[in-house]
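Participant: Here's a structure for you.
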Amino acid sequence: MEAFLLYILPLVLLPLSLYLITFTRKNGSENSKNFPPGTRGWPMLGENMEFALLGPQKFVKDRMEKFSPEVFKTSLLGEKMAIFCGAQGNKFLFMNENKLLTSWWPQSMKKALLFPEFVESNLKEVSALKRSFHHDILKPEALKQYIPVMDALARDHLDHDWTPNSVVKVFPLSKKYTFELACKLFLSVVDPEHIKRLADPFTLVTNGMFSVPIDFPGTAYNRAIKGGKMVREELMRIIKERRKEMMENKETEGRDLLSKMLLVTDEDGQYLSEMEISNNIIGLLVASFETTSSAVTSVMNYLAELPHIYIEVWKEQMEIAKSKGPNELLTWEDIEKMKYSWNVARESLRLTPPAQGAFRETTTEFTYAGFTIPKGWKTFWTVHSSHKNPKYFPEPEKFDPSRFEGSGPAPYTFVPFGGGPRMCPGKEYARLEVLVFMHNVVRRFKLEKAIPNEKIVFYASPTPVHGLPVHLQPHGK
Ligand code: HEM
């Protein structure tokens, strides 16, 4: 054994020492250039561990205080990265999309989500088509018809999963509701067994997508890759079946998102391939699932925690409920009346934003706040650096929906959905889903948290460690 070690150690140590020398040299030469202040952390590991241990909010806050409130450098996911902070940082990145920067996602994430053929390829053309298409199918006119469907499903969900219980765990249930809704609206899949066939592997994907990318049996990342493959296979089956059905019935109207995707053509009149459609649907599921479930959960958390907020939301929602028949479903006009409730939801999104920011890659070298950002670096804009800044939001930790009255927060300070050309195209879908859910819950129950100071941890989005158990008090009891 010892002999083996003596033999093998130099083989390991030599490349490691060479790496360390190069790393130190590189860091040394970087200091002579005017790169943003900051540290790259440990060789190879970068600052991934610090980011995971501290959570995104504290990681950014500490470094803004230590290095610069405008921009600092770090190393995350094996990449040289500049973290842009505050409203100015957000504005700069949003305004320079496709000029100085382009979209970027970690290779590990693409590997879990996409078909192997797409992982290495240049996705720019596909995503350009995808973006304009997303804006079409997720714009308010298209979404209006989803409101009654969302309402009916929310009623059904509460009947089955909330009403029979005195305590419920909000986070897993809101995930269930969100996924069922997406299956119904995107794919017309409503059979519970079929939803489960998609939901189980999909959960493996979302649980492991942001884990340490070690593809080894037993790791969360390995499970995410396997889950991704299963989701893709199931989607391909659904897509092929639908294409056949549409051709047989000569369908020209898209009845759901999948049919609309099957009918769309690019500039050359070519239909999207089945793999492209599957990638697009997975993209939408990933972008909408954790984020919207997390948003619903944090709204429920504040409603359970703050009775004076709850009562105002309840009054607003009861006015709407009283104006309708008992079985009449919500409409666009009703949603437009939910002004106070939306301010409450926005304040939840400010304090507990589901997405922490987003990556970009620089396509050319440029200067920001006097610092050089070289071509090929990755950048990240961060929600917390403006959402929790007392300059933009006095007493930032206080829950105060009145911040959104009148003209609301200053531009680029409230950015839960990002901004500029890549702003979340699902913003309006999320608004409808959250408001419809709020309406149904407050009409039926008062909520009380079972664990008063439940800790929040960060996986794909902020997650209450025990799933946010709440006591349900049905009205009139
Ligand atoms: C409360 C819920 C949600 C939040 C907080 C949220 C937030 C975000 C953020 C921060 C981005 C990145 C913007 C950037 O790159 O700068 C994004 C992108 C995206 N979101 Fe959402 N999102 C939510 C719900 C949804 C929903 C419901 C859908 C679809 C139905 C969706 C679809 C997308 C897509 C497709 C992108 C990528 C856009 C692109 O790269 O061009 N999101 N979202």
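Participant: So which of I335, I281 is in contact with a Leu (Cβ under 7 Å, 6 or more places away or on another chain), within 16 Å of the ligand (Cβ to nearest atom) and within 19 Å of V149 (Cα to Cα)? If you could, list the steps in order and put the result at the bottom.
Facilitator: Values: I281 fails: within 19 Å of V149 (Cα to Cα).
Checking each option against the conditions leaves just I335.
Participant: In the set S121, S127, S108, which member is within 14 Å of the ligand (Cβ to nearest atom) and either modelled with pLDDT under 80 or aliphatic (A, V, I, L, M) (or both)?
Facilitator: Values: S121 fails: within 14 Å of the ligand (Cβ to nearest atom); S108 fails: within 14 Å of the ligand (Cβ to nearest atom).
On inspection, the qualifying residue turns out to be S127.
Participant: Out of segment 235-255, which residues are closer than 26 Å to L143 by Cβ and either buried (at least 19 other Cβ atoms within 10 Å of the Cβ) or aliphatic (A, V, I, L, M) (or both)?
Facilitator: Those that are closer than 26 Å to L143 by Cβ and either buried (at least 19 other Cβ atoms within 10 Å of the Cβ) or aliphatic (A, V, I, L, M) (or both): L235, I238, I239, R242, M246.
Participant: Now for a different question. Taking the conditions exactly as written (of a type in the set (A, V, I, L, M), surrounded by 21 or more Cβ atoms within 10 Å (Cβ to Cβ) and within 16 Å of the ligand (Cβ to nearest atom)), does V441 satisfy them or not? It would help to see each step written out before you state the result.
Facilitator: Working: of a type in the set (A, V, I, L, M): yes; surrounded by 21 or more Cβ atoms within 10 Å (Cβ to Cβ): yes; within 16 Å of the ligand (Cβ to nearest atom): no.
Taking the combined requirement at face value, the residue does not satisfy it.
Participant: Now, a different point. Mind counting the residues in segment 279-290 that are farther than 21 Å from Q356 by Cβ and open to solvent by 10 Å² or more (accessible area, probe 1.4 Å)?
Facilitator: Result for segment 279-290: 1.
Participant: Given the criteria buried (at least 18 other Cβ atoms within 10 Å of the Cβ) and at pLDDT below 95, does G208 qualify? Walk me through how you get there before you give the answer.
Facilitator: Details: buried (at least 18 other Cβ atoms within 10 Å of the Cβ): yes; at pLDDT below 95: yes.
Spelling it out, G208 is indeed buried (at least 18 other Cβ atoms within 10 Å of the Cβ) and at pLDDT below 95.
Participant: Just one of (1) in a loop (DSSP other than H, G, I, E, B); (2) open to solvent by 90 Å² or more (accessible area, probe 1.4 Å); (3) out of contact with any Phe, Trp or Tyr (no Cβ under 8 Å at 6 or more places or on another chain) trips up G218, so point out which.
Facilitator: Of (1) in a loop (DSSP other than H, G, I, E, B); (2) open to solvent by 90 Å² or more (accessible area, probe 1.4 Å); (3) out of contact with any Phe, Trp or Tyr (no Cβ under 8 Å at 6 or more places or on another chain), only one is false for G218: (2).
Participant: Can you tell me which residue in segment 375-411 is farthest from L303 (Cα to Cα), limited to those that are more than 13 Å from the ligand (Cβ to nearest atom) and in contact with a strand residue (DSSP E or B) (Cβ under 7 Å, 6 or more places away or on another chain)?
Facilitator: K375
Participant: Moving on to the next point. Would you please name the residue that is nearest to K455 (Cα to Cα), looking only at residues in segment 291-304 that are open to solvent by 20 Å² or more (accessible area, probe 1.4 Å) and touching a Pro at 6+ places or on another chain (Cβ under 8 Å)? It would help to see each step written out before you state the result.
Facilitator: As a first pass, look at segment 291-304 and keep what is open to solvent by 20 Å² or more (accessible area, probe 1.4 Å): 291, 301-302.
Cutting the leftovers down to touching a Pro at 6+ places or on another chain (Cβ under 8 Å) gives us 291, 301.
Numbers: T291: 18, N301: 12 Å.
The qualifying residue nearest to K455 (Cα to Cα) is N301.
Let's see how each residue does on (1) part of a strand (DSSP E or B); (2) exposed (fewer than 15 other Cβ atoms within 10 Å of the Cβ); (3) hydroxyl-bearing (S, T, Y):
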{"position": "F380", "(1), (2), (3)": "yes, no, no"}
{"position": "K391", "(1), (2), (3)": "no, yes, no"}
{"position": "E395", "(1), (2), (3)": "no, yes, no"}
{"position": "A410", "(1), (2), (3)": "no, yes, no"}
{"position": "P425", "(1), (2), (3)": "no, no, no"}
{"position": "E428", "(1), (2), (3)": "no, no, no"}
{"position": "L432", "(1), (2), (3)": "no, no, no"}
{"position": "I451", "(1), (2), (3)": "no, yes, no"}
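Participant: Out of all the residues in segment 460-477, which are surrounded by 15 or more Cβ atoms within 10 Å (Cβ to Cβ) and more than 15 Å from the ligand (Cβ to nearest atom)? Don't jump to the end; show me each part of the working.
Facilitator: So in segment 460-477, the residues surrounded by 15 or more Cβ atoms within 10 Å (Cβ to Cβ) come out as 460-464, 467-472.
Within segment 460-477, P464, G467, L468, P469, V470, H471, L472 qualify.
The values are calculated or read from the model by the stated rules, or taken from the named source; none is laboratory data. What you see is a predicted model, and the numbers here were worked out from it, not measured in a lab. Reconstructed Cβ throughout: ideal geometry from the backbone, glycine too, with neighbour counts over all protein chains shown. Side chains are part of the model used for accessible areas, which takes the heavy atoms of the whole protein and leaves out ligands, DNA and RNA. Shrake-Rupley method; radii C 1.70, N 1.55, O 1.52, S 1.80 Å.
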